[in-house]
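Below you'll find the structure, written out as structure tokens, and then a few comments.
The values are calculated or read from the model by the stated rules, or taken from the named source; none is laboratory data. This one's a predicted model, so the numbers in the text were calculated from it and none came from an experiment. Every residue, glycine as well, gets a Cβ built from its backbone with ideal geometry; the counts of neighbours run over all protein chains shown.
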Amino acid sequence: MKTRIGILTAGGDCPGLNAVIRAVGKSASKRGWETVGILNGFEGLLEPVQYRLLDYKDMDGLLLRGGTILGTSNRGRFAAKTGVGQVHQIDPLVIDMAKRNFAELGLRALVVVGGDGTLTIAQQLFEEGLPLVGVPKTIDNDLEATVYTFGFDSAVACATDALDRLHTTAESHNRVMVLEVMGRYAGWIATHSGIAGGGDVILIPEIPFGYDSICAKIDEREAQGKKFTLVVVAEGARERGGDYVTAGPAEKDREVKLGGIGAVVAAEIARRTGKETRVCVLGHLQRGGGPTTFDRMLCTRFGACAVQLVAEGRYGYMVALRPPDIVAVKITEAIGRLRTVPVNGDIVRTARALGISFGDELGKPTVSAGQPPAPHPCPLVPTN
Ligand code: F6P
């Protein structure tokens, strides 16, 4: 009987999931192992068990294909997290059922591909005896212990492209164009795309903003003869002393859904400056489609390394990028704490050096040098 490993993708989809599946399937097959894809996230491990055998031919075309051929889910019987720092213990009956089905499928190990929530579940299953390794995925890039998660670069490429397009309209119409991007409570997508896409103002959760400062930047540009301004707003950005803007009421057992800050910012800019201002919410376009070249490489390296860890029996570990290497770190090093944009780090300093405004005290960082970013008081989701 051949050695068999399982793989599942859980949480929100993002570019590169299929590239990881391909790398795992191909590397396993090179070792003479079989790969079983568990369908629809962890739910596929529960009755009725849902899986498919992935043979070598199934790997064709996966490198560039968006989404996940295994399906995914961030709700259901395994929901372990409803907010940052909030962890629910998974029902022991659910864990037992998953372990039973894992054994019945004849699996030697499970490769779990996901972000903070998924890896939090993975850690609980590992502690209950399931041999598994993790692969870090999220467009938000907010996982600890890895310099980049896969999917992030593709999301940034999408946001940068959007800014390039908004730039031409902003310039032609002398408008302020506001682009709202994803990222939850981290401003990685906004910062990277804002710099790469020539943004003039970047608003991120790590640096609460004020409208005086934003409008001063717009005025400064006007005085220089630049009649348009590009503003990039992370969905988790908020006004100094203000609250996160959320998209609708919280659903039971789910993380609060952020969204809407772009429209709020655009309306206030228009009111204060009298300038024609428009907002564009990029939304799930950032999660769709195929991965960039960088993400294809990262996914392929992550997938091959995950299989290597299984071969070495190093369970409870996650593959991680520590340039120039892919390394193994304990899953516990990656979960439970958000990795946010360092407010005095190189990227923010680079942006400031170019005159990009973060909407804080005109040029003055909100957090003094050397001080870590404030912890994020993420809203709790009522679970009644
Ligand atoms: O975590 C990835 C992400 O796309 C966030 O940036 C965003 O806030 C959230 O997921 C959206 O989730 P959903 O697809 O459930 O609306």
> So which of G283, G274, G355, G288 is exposed (fewer than 15 other Cβ atoms within 10 Å of the Cβ), within 16 Å of the ligand (Cβ to nearest atom) and of a type in the set (G, A, S)?
Replying inline: G283
> Which is buried (at least 24 other Cβ atoms within 10 Å of the Cβ), touching a residue at least 60 places away in the same chain (Cβ under 8 Å), closer than 18 Å to V156 by Cβ and touching a strand residue (DSSP E or B) at 6+ places or on another chain (Cβ under 7 Å), of I214, I189?
Replying inline: I189
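Yes/no matrix, rows are residues, columns are (1) farther than 15 Å from D360 by Cβ; (2) modelled with pLDDT of 95 or more; (3) within 14 Å of the ligand (Cβ to nearest atom):
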residue: E180; (1), (2), (3): yes, yes, yes
residue: I195; (1), (2), (3): yes, yes, no
residue: G198; (1), (2), (3): yes, yes, no
residue: P208; (1), (2), (3): no, yes, no
residue: I214; (1), (2), (3): no, yes, no
residue: D219; (1), (2), (3): yes, yes, no
residue: K227; (1), (2), (3): yes, yes, no
residue: A270; (1), (2), (3): yes, yes, no
> Does any residue of the range 126-138 turn out to be outside any strand (DSSP E or B), within 16 Å of the ligand (Cβ to nearest atom) and in the same structural domain as E220 (by TED's automatic domain parsing)?
Replying inline: no
> Limited to the range 280-302, what total is found for residues that are more than 23 Å from A23 (Cβ to Cβ) and among the β-branched types (V, I, T)?
Replying inline: 1
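Of all residues in the range 224-237, how many are in contact with a helix residue (DSSP H, G or I) (Cβ under 7 Å, 6 or more places away or on another chain) and closer than 15 Å to I207 by Cα?
Step one: of the range 224-237, the residues in contact with a helix residue (DSSP H, G or I) (Cβ under 7 Å, 6 or more places away or on another chain) are 228-235, 237.
In the following step, the residues that additionally are closer than 15 Å to I207 by Cα were identified as 231-235, 237.
Within the range 224-237, residues that are in contact with a helix residue (DSSP H, G or I) (Cβ under 7 Å, 6 or more places away or on another chain) and closer than 15 Å to I207 by Cα number 6.
One line per residue, one yes/no per condition, for (1) more than 19 Å from G12 (Cβ to Cβ); (2) assigned by TED's automatic domain parsing to the domain that holds F228:
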| site | (1), (2) |
| --- | --- |
| V245 | yes, yes |
| G260 | no, yes |
| A266 | yes, yes |
| L298 | no, no |
| Y315 | yes, no |
| G359 | yes, no |
> Among the residues of the range 64-82, is any more than 30 Å from R337 (Cβ to Cβ) and not in a loop (DSSP other than H, G, I, E, B)?
Replying inline: no
>> Regarding the range 251-260, can at least one residue be identified that is within 12 Å of the ligand (Cβ to nearest atom), closer than 19 Å to I139 by Cα, in contact (Cβ under 8 Å) with a residue 12 or more places away in the chain and aliphatic (A, V, I, L, M)?
In response: yes
> So how many residues does the range 302-334 have that are in a loop (DSSP other than H, G, I, E, B) and surrounded by 16 or more Cβ atoms within 10 Å (Cβ to Cβ)?
Replying inline: 2
>> Being buried (at least 16 other Cβ atoms within 10 Å of the Cβ), assigned to a helix (DSSP H, G or I) and not β-branched (V, I, T) is the filter here; which residues of the range 85-125 pass it?
In response: M97, A98, N101, F102, D116, G117, L119, A122, Q123, Q124, L125
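Conditions tested, residue by residue: (1) under 22 Å from L338 (Cα atoms); (2) outside any helix (DSSP H, G or I).
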| residue | (1), (2) |
| --- | --- |
| K217 | no, no |
| R254 | yes, yes |
| V265 | no, no |
| R278 | no, yes |
| G290 | no, yes |
| T300 | no, no |
